[in-house]
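Asker: Next up is a structure, given as structure tokens.
No lab work stands behind these numbers, since they all come straight from the coordinates. Quick caveat, the model's predicted, so the values are computed rather than measured. Counting neighbours? That spans all protein chains shown, and the Cβs are built from the backbone with ideal geometry, glycine included.
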Amino acid sequence: MKLYEYPLLYFSAGGHKIERADIDAAFLLERFAGSVKGEGDRHGFKIDFNAGLRLSVPPGEWRVVIKDGDADYVAFDGMVSAQTLVSIEKYFVAWQAEVFKGGEKVFEHKFNPAGREVYFNCFVNALGEKVMFLPYIKSFGEKYNCRPVFVSANKVFDPILRHYYPNIRTQSVDDGLRDDAYAAYDMGAFHSVRAWAPWSARQIPYDLICESLIGISGVSRYQFAPFIERPIEEPYVCIAAQASHLGKCWLYPGGWDTVVAYLKNLGYRVFCIDQYREVTEGDYVVRMPEAAEDMTGDHSLMERIAILGYADFFIGLPSGLSWLADACGIKTIIISGFTMPYSEFPAQGRVINRLVCHGCYNDPEADWKRQGCPRHSGTDREYECTRKITPAQVIRAIDHVRSSDNPKPMIF
């Protein structure tokens, strides 16, 4: 099926030289968006914002001017005929298009999604990213008085949207965009593709990731209030020892056992809420601490919210369950040498050993094509960022979060 009525003419708002890789990346999003939506005006111009700005220009002597409507910055000014003008940049810009013929303005459209459907494509199944993006998507809908649509390949989020975000419609990625879709944005912690984000997610705080994609910032992180009665009478703490990448895991030998013993000595029950009791990656095995109570398994996110919402606090890693715990409004401790502290939300307790190699996730020069540890794989320094975080550091963080009802974020 032919995607566009006319041949493509790409432009880069920043004036960058457009490389083949830029076009390939851009076209991935355009294929999902399909053809330019909406009815043409009397001259035949059609415009949408479903994969950046896309303006279908019929044959004729047309001078087209594209601006950032908020900044009045001119991103494109040139003659266009029988072409589809497409921005390389697919993230949010308040685009404004003007078309002139013989000095007379014959067409104008400024981004205005009021009353229209705007799609937020969360193709990646990472739990943390989706928890991070949802309040920003909600805020976008409120700011522009539009109807947000959460697009995902995984239906595990549907109950959360129905319960906590009833004004956000959800649909499968397989359904594609409807013919009346006005705008669409791809949501993810993108690292290196200029078409998808203006900055690498590895080098900016999480709040700037959201702002760079859809222009919204400063949104409250707290989303998920408990929806059932307290399930456990005694004081308890939740922990998670596993993550999607071995480098995120705390690999100090016996570290979790020491921490669980300390928590139990303080009078807490300790529940491990990982998906699995044990995972293996290469020569490493990450197990649930033996003294913790087993709440592993394929529990729904709503069940996880129910148990997290009443916990005294949560101890985890730079992973989705830490984002979920924070969204439940409970005090959270993150143990991580893999990421720099600005990569996640400001946890009440952030544990990192700054005296050894750390922060490779945020280093654009780290060799992520290597298997395992990107800097020291196969050496005695492999994963030292987490192997050399001590239980004493974590215990200090525990004492801090217990010191008050509202402890300020601190790094240990």
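Asker: If R₀ is 35 angstrom, what is the calculated FRET efficiency for the pair Lys143 and His191, using the beta carbon separation as r and rounding to 0.05? Intermediate values should be presented prior to the final figure.
Answerer: Details: r = 27 Å, r/R0 = 0.78.
Rounded to the nearest 0.05, the efficiency is 0.80.
Asker: Oh, and also: With runs of 4+ DSSP H residues as the only contributors, calculate the mean residue ellipticity of the chain at 222 nm using -39,500 (n - 2.57) per run, divided by the residue total and rounded to the nearest 500.
Answerer: Computed ellipticity for the chain at 222 nm equals -6500 deg cm²/dmol.
Asker: Which value, in Å to one decimal place, does the Kirkwood hydrodynamic radius take for segment 117-214 when every pair of different Cα atoms is included?
Answerer: 13.7
Asker: For the ranges 290-298, 344-352, what's the packing order if you count other beta-carbon atoms within 10 Å of each residue, average per peptide, and put the highest first? The partial results should precede the final answer.
Answerer: Numbers: 290-298: 14.6, 344-352: 22.9.
With the highest mean Cβ count within 10 Å placed first, the list reads 344-352, 290-298.
Asker: Here's another thing I want to ask about it. How much net charge surrounds Phe227 when only other residues with a Cβ under 13 Å from its Cβ are counted (Lys, Arg +1; Asp, Glu -1)?
Answerer: Net charge around Phe227: +1.
Asker: Sort segment 78-172 into rounded, prolate or oblate with this rule: let a ≥ b ≥ c be the square roots of the eigenvalues of the Cα gyration tensor; rounded if a/c is under 1.5, and if a/c is not under 1.5, prolate when a/b is larger than b/c, oblate otherwise.
Answerer: Judged from the Cα gyration tensor, segment 78-172 comes out prolate (a/c at least 1.5, a/b above b/c).
Asker: Efficiency by 1/(1 + (r/R0)^6): what FRET value for Phe227 and Asp312, r their Cβ-Cβ distance, R0 = 25 Å, to the nearest 0.05?
Answerer: Computed FRET efficiency for Phe227 and Asp312: 0.85.
Asker: Using a Cα-Cα cut-off of under 26 Å, which lysines could be cross-linked to Lys2, ignoring same-chain neighbours fewer than 8 residues away?
Answerer: Filter leaves Lys37, Lys46, Lys90.
Asker: To continue, here is another question. Which label belongs to the value computed from this structure, given these candidates for Rg/Rh (Cα atoms, Kirkwood Rh): (i) 1.08; (ii) 1.04; (iii) 1.17?
Answerer: Here the calculated entry is (ii).
Asker: Once you sort the root eigenvalues of the Cα gyration tensor of segment 160-201 as a ≥ b ≥ c, which label holds: rounded (a/c under 1.5), prolate (a/b larger than b/c) or oblate (the other case)? Please report the intermediate quantities before stating the final value.
Answerer: Values: a/c = 2.68, a/b = 1.56, b/c = 1.71.
Cα axes put segment 160-201 in the oblate bin.
Asker: Which ordering of Thr280, Thr332, Thr339 is given by a fewest-first count of other beta-carbon atoms within 10 Å?
Answerer: On the way: Thr280 11, Thr332 29, Thr339 22.
Lowest to highest Cβ neighbour count: Thr280, Thr339, Thr332.
Asker: So, one more: Could you work out the mean projected area of the convex hull around the alpha carbons of segment 8-110, in square nanometres to one decimal? Present the calculation step by step, with values, prior to reporting the outcome.
Answerer: On the way: hull surface 24.8 nm².
With the hull built on Cα positions only, its mean projection is 6.2 nm².
Asker: Stretch Ser81-Arg63 to full length: gain in nm at 0.36 nm per residue minus the Cα-Cα span?
Answerer: Additional length available on full extension: 5.6 nm.
Asker: Give me the dipole magnitude in Debye, nearest 20, for the chain about the Cα centre, with unit charges on the beta carbon: positive for Lys and Arg, negative for Asp and Glu.
Answerer: The calculated dipole for the chain is roughly 360 debye.
Asker: Toward the positive end of the charge dipole of the chain, about the Cα centre and with charges on Cβ (Lys, Arg +1; Asp, Glu -1), which of Val401, Val286, Cys373 goes farthest?
Answerer: Towards the positive end, the residue furthest out is Val401.
Asker: Now a separate question. Which shape class applies to segment 236-411: rounded if a/c is under 1.5, otherwise prolate when a/b exceeds b/c and oblate if not, where a ≥ b ≥ c are the square roots of the Cα gyration tensor eigenvalues?
Answerer: Prolate, because a/c is 1.5 or more and a/b exceeds b/c.
Asker: Would you kindly state how much longer the chain becomes between Val74 and His376 on full extension, computed as 0.36 nm times their sequence separation minus their alpha carbon distance, in nm to one decimal?
Answerer: The span from Val74 to His376 would gain 104.1 nm if fully extended.
Asker: Out of Asn121, Pro148, His163, whose Cα points farthest toward the positive end of the dipole of segment 117-214 (charges: +1 Lys, Arg; -1 Asp, Glu; placed on Cβ)?
Answerer: His163
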